Amino acid sequence: MTTFRWGILGAARIARALIPAIRASGGEVVALGVRDPASDHARTFSQEWDVPLVGGYQDVIAADVDAIYNPLPNDLHLPWTLAALHAGKHALTEKPLTLNAAEATQLADAAQQTGRTLLEAFAYRFQPHVTRLREIAQGGELGELRAVTGTFGFHMTNPDDFRWTAEKGGGALYDVGTYPVNLTRLLLGEPRAVTAQARWTPGGPERGVDAGLSGLLHYPQALATISCAFDWTEPSTQRLTLTGTRGTVDVDGVFHSHTQHPTRLRITDATGERTEDFPPYNAYAAMVSHFQRAARGEETPLYPPTEAVAHARVLDALLDSARKGSEVKIQR
């Protein structure tokens with residue numbers, strides 16, 4: 001079998017997690033393209049990770065690669081992923097896949113038309129403890145689920161980070177709130193409506209970004225609460241609680257993709273209290289391995305582009321609700 005060849009767009013910090021994952025999965029990173037190929041940062045990154053610097057983003061897409069990884073700022077996910085798909089490359093694109101459901105639909109249509117694999121890079125979904133949470137939620141161990149509470153926030157201190165800029169797709173919901181929304185959907189399916197409130201940076205809902213947002217996802221028999229922010233305490237807060245008619249589950253660090261420590265589920269039900277521990281696990285490598293197999297046609301994609309479109313609809317609705325101050329129904 002030939003080696004799966006990757007190109008990377010940009011020298012983003014998250015690429016430092018993906019390059020080892022690609023190599024651990026038997027792939028090879030053969031091309032790096034950056035905004036300014038002459039910069040010291042580009043040369044240093046290329047040398048540190050032993051990845052050939054081939055020029056700009058288009059040079060990577062034109063290179064002899066099977067797939068690209070796109071961790072660029074959020075507003076650049078659509079144009080460069082679209083360019084890669086139309087060039088016949090598979091695409092692994094960081095979350096959020098795009099800035100809205102209409103853009104996500106563009107990418108989903110392009111993937112279908114070109115026959116290329118497209119995956120939104122939610123690596124946490126490949127963690128064994130997430131698989132277990134889905135079993136618990138959907139297998140009736142807690143009875144009927146009545147409430148899901150998910151939180152993800154941290155303290156972002158860099159004032160120049162693109163995540164503070166509305167035009168670049170900034171905001172806490174897109175960056176960290178998208179995780180509890182995504183996991184809630186894995187556990188409960190699609191909500192029928194949402195309500196949300198946000199704390200906005202200067203410029204308000206028209207020109208600012210959400211520094212913090214809390215939302216309620218409405219289900220027929222359950223309510224799910226998600227909260228996210230850029231101004232919470234360090235280290236980052238990642239927590240999930242499931243409450244059913246016969247028990248509860250609590251877990252910290254639930255959205256980590258490459259855990260350095262065990263992840264513990266704390267379960268309380270009619271039998272008492274118990275814990276289930278999961279050892280450190282590299283979900284980045286598991287995601288990359290699955291992506292490569294799906295791209296080769298060896299297995300069916302676990303999360304097709306249509307799933308990313310449905311996810312984007314919920315994010316759209318949450319932001320719309322936070323701006324309007326009223327309930328927003330999910331468009332199908």
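The values are calculated or read from the model by the stated rules, or taken from the named source; none is laboratory data. Note that the structure is a prediction, hence the values are computed from the model and not measured. Ideal geometry is used to build each Cβ from the backbone, glycine not excepted, and the neighbour counts take in all protein chains shown. Surface accessibility is based on the protein's heavy atoms, side chains included, excluding ligands, DNA and RNA. Shrake-Rupley method; radii C 1.70, N 1.55, O 1.52, S 1.80 Å.
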Accessible area per residue in Å² at 1.4 Å probe, computed on region 1-119 = 42
For n ≥ 4 DSSP H runs only, could you compute -39500 (n - 2.57) per run for the chain, divide by its residues and tell me the 222 nm figure to the nearest 500?
-> -10000 deg cm²/dmol
Rounded, prolate or oblate (a/c below 1.5 giving rounded, otherwise prolate when a/b exceeds b/c) for region 182-231 by Cα gyration tensor = prolate
Angle between the Cα long axis of helix 15-24 and the longest principal axis of the chain, 0 to 90 degrees, nearest 10?
-> 80
If R0 is 45 Å, what FRET efficiency do you get for Arg199 and Met1 from their C-beta distance, rounded to 0.05?
-> 0.30
Whole-Hz Karplus couplings 3J(HN,Hα) for region 215-224, θ = phi - 60° and coefficients 6.51, -1.76, 1.60, Gly and Pro as x, run x, 10, 9, 9, 10, x, 10, 8, 10, 10
Would you mind checking the radius of gyration and Dmax of region 219-332 based on alpha-carbon positions, in Å?
-> 18.0, 46
The chain: projected area of the alpha-carbon convex hull, averaged over directions, in nm² | 16.9
Length-normalised contact order for the chain - Cα pairs under 8 Å, 6+ apart - percent = 18
Kindly express, to the nearest 10 degrees and within the range 0 to 90, the angle between helix 128-139's C-alpha long axis and the longest C-alpha principal axis of the chain.
-> 40
Excluding ligands, DNA and RNA, the carbon-plus-sulfur percentage of the accessible area of the chain with a 1.4 Å probe reads 49
For region 222-274, inverting the pair-averaged 1/r of distinct alpha-carbon atoms gives a Kirkwood value in Å of 13.0
Between Thr271 and Arg134, Cβ-based FRET efficiency (R0 22 Å, step 0.05) works out to 0.55
Count the net charge of all other residues whose Cβ sits under 10 Å from the Cβ of Phe230, scoring Lys and Arg as +1 and Asp and Glu as -1.
-> -2
If you count the DSSP beta bridges with both ends in the chain, what percent of them are antiparallel, to the nearest 5?
-> 65
Equivalent ellipsoid, region 8-136 (semi-axes from 5 times Cα gyration tensor eigenvalues, Å) = 24, 19, 13
Stick to Cα atoms and the Kirkwood definition of Rh, then tell me Rg/Rh for region 79-137.
-> 1.09
Taking a temperature of 20 °C and a viscosity of 1.002 mPa s, what whole-number D in µm²/s does Stokes-Einstein yield for region 102-247 with Rh from Kirkwood over alpha carbon pairs?
-> 128
Heavy-atom accessible area per residue, region 293-332, 1.4 Å probe: how many Å²?
-> 53
How much net charge surrounds Pro305 when only other residues with a Cβ under 11 Å from its Cβ are counted (Lys, Arg +1; Asp, Glu -1)?
-> -2
